[in-house]
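Report on the following structure.
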Amino acid sequence: MQADQIFVNLPVKDLQKSMAFFKEIGFEFNAQFTDENAACLVVSDHIFVMLLVEAFFQTFTKKELVDAAKSTEVILALSAESREQVDDIVNKALEAGGKASNDPMDHGFMYGWSFQDIDGHLWEVMYMEPGMSEQG
């Protein structure tokens, strides 16, 4: 089974503040799928993060919402084109109001660093030397 696209849904407390945060990092939004309840953050041509106001998010589940500032349910990991881009993305997130998550991790062939967005969701940005992901 292979899907052509992925839509990750994240609950947010203040949609406008969350959109401003991600715009400062450099992300864009698809206006066609953005309104007062949701915003479609474009990660790539096939990857999207739907930022959903908590009350709207709650309509999709009968389960209690996790407070991402206190608990972790998922870590969103993004690939970067270079070590410098990893640092640039995380530094922009921190400057935009995000919080540090872990110290940078350097494994030689792989480098990563992480941050928490303004709602406490964990984001990891990583760079892997070309060809390393194909080795097994």
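Nothing in this text is a laboratory measurement; each read-out follows from the coordinates by a stated rule. Please read these numbers as outputs of a predicted model, since none were measured by experiment. Here the Cβ positions follow ideal geometry from the backbone for every residue, glycine too, while neighbour counts run over all protein chains shown.
Points to keep in mind about this one:
- Relative to the longest principal axis of the Cα atoms of the chain, the long axis of helix 15-25 lies at roughly 20 degrees.
- By the rule of a C-alpha distance below 23 Å, with chain neighbours fewer than 8 residues away ignored, the lysines paired with K62 are K13, K70.
- Amide H to amide H, with H built 1.01 Å from N, V8 comes under 5 Å of F48, V49, M50, counting only residues 5 or more places away or on other chains.
- Using alpha-carbon coordinates, inclination of helix 83-95 to the longest axis of the chain, degrees: 30
- Antiparallel DSSP beta bridges within the chain, percent to nearest 5: 60
- According to the calculation over all Cα-Cα pairs in segment 50-122, the P(r) per 10 Å bin from zero is 17, 44, 26, 12, 1 %.
- Rounded to whole Hz, the Karplus (6.51, -1.76, 1.60) HN-Hα couplings of segment 113-119, x for glycine and proline: 8, 9, 8, 9, 6, 5, 9
- Ellipsoid equivalent to the chain - semi-axes via the Cα gyration tensor, in Å: 26, 17, 15
- Along the axis of the charge dipole computed for segment 6-136 (Cβ charges of +1 for Lys and Arg, -1 for Asp and Glu, origin at the Cα centre), the listed residues A20, G98, A55 are led at the positive end by A55.
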